[in-house]
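Novice: Quick one: the structure is below, questions incoming.
The values are calculated or read from the model by the stated rules, or taken from the named source; none is laboratory data. This structure is a prediction, so every number in the text was calculated from the model and none was measured. As a convention, Cβ positions derive from the backbone with ideal geometry for all residues, glycine included, and neighbour counts pool all protein chains shown. Accessible surface areas use protein heavy atoms only, side chains included; no ligands, DNA or RNA. Shrake-Rupley method; radii C 1.70, N 1.55, O 1.52, S 1.80 Å.
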Amino acid sequence: MKFSENWLRTFVNPPLSTRELAHALTMAGLEVETVESVVPAFDKVVVAEVLSVRKHQDADYLNVCQVNVGPVASGEPLQIVCGAANVRAGIKVPCAPVGAQLADTTIKQIKIRGVDSSGMLCSAGELGLENNMAAGLLLLPDNAPVGTDFRSYYELEDNIFTLKLTPNRGDCLGLSGLAREVAAITSTHLNPLEIDPIQSQISETLTVYVEAPEACPLYCGRVVRDISLQILTPQWIVRRLECSGIRSINPVVDVTNYVMLETGQPLHAFNLASISDVPSGAVHVRYAKRGEQLLLLNGENPVLQPDMLLIADETKPLALAGIMGGDESGVEQGATDLFLESAFFSPEAIIGKSFRLGFSSDSAHRFERGVDFAATRNALERATRLILDICGGKAGPITEIRDKLPPRDSICLRSKRVQKVLGIELGKVKFAELLQRLQFNFSLAEGTFRVTPPTYRFDLAIEEDLIEELARIHGYDHIPASLPRTELCILSEPETTRAPSQLRQLLAGRDYQEVINYAFVDASWELELAGNKTPVVLKNPLSSQMGVMRSSLLGGLVANLQFNLNRKQTRVRLFEIGCCFVKKDEAYVQSEKLAGLCYGDAVAEQWGVPTRRVDFFDAKADIESLLCPIAANFKAAFHSAMHPGKSAQIRLDECIAGYLGELHPRLRQKFGLPESTVLFELDLDVLMARTLPTAAEIPKFPLVRRDIAVVVAENVPVQAMLDSMQAEHLSIISEVSLFDVYHGKGVEHSKKSLAFRVLLQDTEKTLTDAEADLAVAKLINTLEGQFGARLRN
């Protein structure tokens, strides 16, 4: 919002400089974005009168003028050569005599085509008032005093403030509301706008039917006849409009814009001749009919929707209520009769409509935020008075239709709550003073204030809103800064769980890098990578590629891999810890998972290790390090995103903790991955569990190692063989592990040779060969009996 500082100071004039006023507004929550002078600096420009004009003898487009500039030239006329098309005898214009300063130019005595010129007659553009340099001289009223300093006469010793208001402060979109705020901030006397009701000079009225009272609970209108649009809008109105970024059109439109800026209440003037069946006609406030059209003042001709509010007569729409008037009913030259409208439209009825139509307006900007419905009638009276004073005419009585207006429910304000929120003790006397400065009605009972929000403050609804108001007016810079006091204590760390940060450190130590992806994913990812046919669908997705909530982290990791491969990264190891979402029956379930991805070489390129591509077992080792000391079982299983022959369930006891495997060849081709990719995903709860360590006696006697090499069928799982040997519970066996798998010469087709390492140790004594051989024989018997294994020669 833009406004003139001088205009504001007619309502309230605090003893502050321009800079101090801007700072006070900003510190109170009304951010001043810029403060600019009305025009660029110029000096010694005066009001002058052109006495005579004759053609230049050597130039057809130049004129030689005799100009009266008053005492500046000791009363003697100056000769000035001028090329403006609208120069003529008798007009009054701004003149820059010799010695005057315009921007970076000093006016000097010069000769133009051999004729002396002692100054320059100025256009609005040359003075910085307009950007249009071809508009001709700036013509001043006939009563402009010759010789007067132009800056003073044109009220150019002024500044334009630009406020960056937040959406909740619609009450400051008018000078009256802004002045009220400044008076409260600075504790300065307010000169409110005094509005006297107009005595009706005619009895004519238009019947008003409000067919949507919930959207328009208050509507005021009156007929004004016999006005004249031949009269120019007074310069003081034009200048204030220009300072606010609004151009002058004609006196009636200028007055409605002026009153809107002055009071914050948008108004609209209809050409009475455009309303059908006048004088017996009627005005209807109704919703649009489907397919109805209205040519607006900005040239747009939108197809109206049934939720758009209209002002209409008996046959056609006249205006888009609260947004913009229609072109047919606009007030243009030749109009003599008006129907003036001032209404309160509910913010809910206006919000979003202008955005949908692709344009906005000053009226919509205000109605969307809420206007003061207690000032609706006064704004109409103010506009009527200005129109009658400027254009003449006769006004009829006001037709007012009133329905249920927004309630102003009182709010409880407690001193203890204020002290807790602000951290300072203000006291009841200070409370009352601040509320009075804000012009809030309140009562005090049993130490509690009951505050009734005014009609212009739609943003006050709860106690915290009032506390914010007290803080603003008291002054944020008056609230002392104090460092918080806290007591430090050592938090207990349970030994049976691990924090996600520990898992991150473990994976980073195994050469993984963490990524963070959106929880919104493409629906095709859910189907192909998670096998989820019923994902959680978003009602308002950011894009079509982010339309559902993920139930798996794998899709984001594959997309990260693509991103890295496109940037020539040939070795990628990534992990992510994040939330996943599924729908079970009618409930939504959120769980945390950890997923990882390996691609490229098993280790970074170096001279000491031969190059090898990462495989299933590399990722399996990483998972075992995460789960350590808990032993997990890996069982071949199907997963929609993984290779049918190279995927496994990760099981802890009888629970499925996650999956591990290579990416399915079909998906590898779809995502354009040149090499195989290994993926794994586990529930975070499983990884965070940790068993307590138990103390054991350190053996003093040496280990005994025995190797068992057996031949079994190809389809026998190694894990099952290890589990069976562990199930023997032989106390002297400390470890059984696989160290070799062989296929080839000497081993039958569909068979495989497995070599197990068996470590034996006793804490009481040194084992004998007989004891070791007996234990190993029991293991061999187990393998032969359960799996049909035979010792390899």
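Novice: Looking at this structure, is GLN513 farther than 30 Å from ASP372 by Cα, in contact (Cβ under 8 Å) with a residue 60 or more places away in the chain and not aromatic (Phe, Trp, Tyr)?
Specialist: So GLN513 passes the test.
Novice: Any idea how many residues of region 107-157 are open to solvent by 50 Å² or more (accessible area, probe 1.4 Å) and either within 22 Å of LEU241 (Cβ to Cβ) or not in a strand (DSSP E or B) (or both)?
Specialist: Summing the residues that are open to solvent by 50 Å² or more (accessible area, probe 1.4 Å) and either within 22 Å of LEU241 (Cβ to Cβ) or not in a strand (DSSP E or B) (or both) in region 107-157 gives 19.
Novice: Within the bounds of region 165-175, is there any residue that is open to solvent by 20 Å² or more (accessible area, probe 1.4 Å), out of contact with any Cys (no Cβ under 6 Å at 6 or more places or on another chain), assigned to a loop (DSSP other than H, G, I, E, B) and under 30 Å from PRO317 (Cβ atoms)?
Specialist: Checked region 165-175: at least one residue is open to solvent by 20 Å² or more (accessible area, probe 1.4 Å), out of contact with any Cys (no Cβ under 6 Å at 6 or more places or on another chain), assigned to a loop (DSSP other than H, G, I, E, B) and under 30 Å from PRO317 (Cβ atoms).
Novice: In region 561-614, how many residues are open to solvent by 50 Å² or more (accessible area, probe 1.4 Å) and not small (Gly, Ala, Ser)?
Specialist: Within region 561-614, residues that are open to solvent by 50 Å² or more (accessible area, probe 1.4 Å) and not small (Gly, Ala, Ser) number 25.
Novice: Out of (1) assigned to a loop (DSSP other than H, G, I, E, B); (2) under 30 Å from PRO306 (Cα atoms), what's the single condition that is false for GLN230?
Specialist: (2)
Novice: Pairs needed: first member in region 235-246, closer than 13 Å to PRO141 by Cβ and part of a helix (DSSP H, G or I); second member anywhere, among the polar types (S, T, N, Q) and open to solvent by less than 30 Å² (accessible area, probe 1.4 Å); C-beta distance under 8 Å; at least 6 residues apart or different chains.
Specialist: These pairs meet every condition: ARG239/SER4.
Novice: How about region 729-749: which of its residues are open to solvent by less than 70 Å² (accessible area, probe 1.4 Å) and either assigned to a loop (DSSP other than H, G, I, E, B) or over 25 Å from GLU624 (Cα atoms) (or both)?
Specialist: Those that are open to solvent by less than 70 Å² (accessible area, probe 1.4 Å) and either assigned to a loop (DSSP other than H, G, I, E, B) or over 25 Å from GLU624 (Cα atoms) (or both): LEU730, ILE732, GLY744, VAL747.
Novice: Being part of a strand (DSSP E or B) and of a type in the set (Ser, Thr, Tyr) is the filter here, so list the residues in region 331-353 that pass it.
Specialist: SER342
Novice: I've got another one for you. Within the set of pairs 6 or more residues apart or between chains, which connect a residue that is over 10 Å from LEU320 (Cα atoms) and in a loop (DSSP other than H, G, I, E, B) inside region 280-293 to a residue that is open to solvent by less than 30 Å² (accessible area, probe 1.4 Å) and not small (Gly, Ala, Ser) with Cβ atoms less than 6 Å apart?
Specialist: What qualifies is GLY281/ILE275; GLY281/ASP313; GLU292/LEU304.
Novice: Which is part of a strand (DSSP E or B), in contact with a Lys or Arg (Cβ under 8 Å, 6 or more places away or on another chain), at pLDDT below 95 and open to solvent by less than 40 Å² (accessible area, probe 1.4 Å), of ILE198, ILE160?
Specialist: The conditions single out ILE160.
Novice: Something else about it: Give LEU483, LEU503 a once-over and let me know the one that is aliphatic (A, V, I, L, M), modelled with pLDDT under 95 and either within 30 Å of GLY170 (Cβ to Cβ) or in a loop (DSSP other than H, G, I, E, B) (or both).
Specialist: Criteria check complete, one pass: LEU483.
Novice: Please name all residue pairs, on different chains or six or more residues apart, with Cβ atoms under 7 Å, provided the first residue is in region 3-23 and is closer than 17 Å to SER244 by Cβ and the second residue is hydroxyl-bearing (Ser, Thr, Tyr).
Specialist: PHE3/SER244; GLU5/THR18; PHE11/SER176
Novice: Of all residues in region 381-439, how many are within 30 Å of VAL252 (Cβ to Cβ) and over 32 Å from the mean Cα position of the chain (by Cα)?
Specialist: 23
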